[in-house]
Amino acid sequence: DEPTGNLDSRAGADIMSLLQKINRTTGQTILMVTHDAYAASFASRILIFKDGCIIKALHREGQSPSHFYSQILSAVSSLDQ
């Protein structure tokens, strides 16, 4: 739950990179709950919930973190419409 919430941005990015490496090298699934689109952009797949229901699934599929971050922001901004 919010693994980077109390860290400075550099340490947060280091932790997210480490989690990403663990996932890739061991094949272990990592479940993270966050409201932080930047932290979510390190994932290979994210599920967006609203009112307790999954309303959207996003897959990274080779995108850079910055492109996936933009995709996440776009998906989240459409929730209020």
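The values are calculated or read from the model by the stated rules, or taken from the named source; none is laboratory data. The shown structure was predicted, so the numbers you read here are calculated from the model rather than taken from an experiment. With ideal geometry, Cβ positions are generated from the backbone for all residues, glycine too; neighbour counts draw on all protein chains shown. SASA here: full protein model, heavy atoms, side chains in, ligands and nucleic acids out. Shrake-Rupley method; radii C 1.70, N 1.55, O 1.52, S 1.80 Å.
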Is there any pair linking a residue in the range 52-81 that is within 11 Å of ALA37 (Cα to Cα) to one that is open to solvent by 80 Å² or more (accessible area, probe 1.4 Å) and outside any strand (DSSP E or B), with Cβ under 7 Å and at least six apart or on different chains, and which?
TYR69/TYR38
So SER78, is it of a type in the set (Gly, Ala, Ser), open to solvent by 60 Å² or more (accessible area, probe 1.4 Å) and not in a strand (DSSP E or B):
no
Within the range 6-37, how many residues turn out to be assigned to a helix (DSSP H, G or I) and free of Cβ contacts under 8 Å to residues at least 12 places away in the same chain?
11
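Applying the selection to the range 44-81, what residues are among the aliphatic types (A, V, I, L, M) and at pLDDT below 90? Before the answer, list the steps.
Narrowing the range 44-81 to residues among the aliphatic types (A, V, I, L, M): 46-48, 54-55, 57-58, 72-73, 75-76, 79.
Selection gives LEU79 alone.
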Filter the range 45-75 down to residues that are out of contact with any strand residue (DSSP E or B) (no Cβ under 7 Å at 6 or more places or on another chain) and part of a helix (DSSP H, G or I) and give me whichever is surrounded by the most Cβ atoms within 10 Å (Cβ to Cβ).
PHE68
Looking only at residues that are of a type in the set (D, E, K, R) and surrounded by fewer than 12 Cβ atoms within 10 Å (Cβ to Cβ) in the range 3-44, which one is farthest from PHE68 (Cα to Cα)?
ASP8
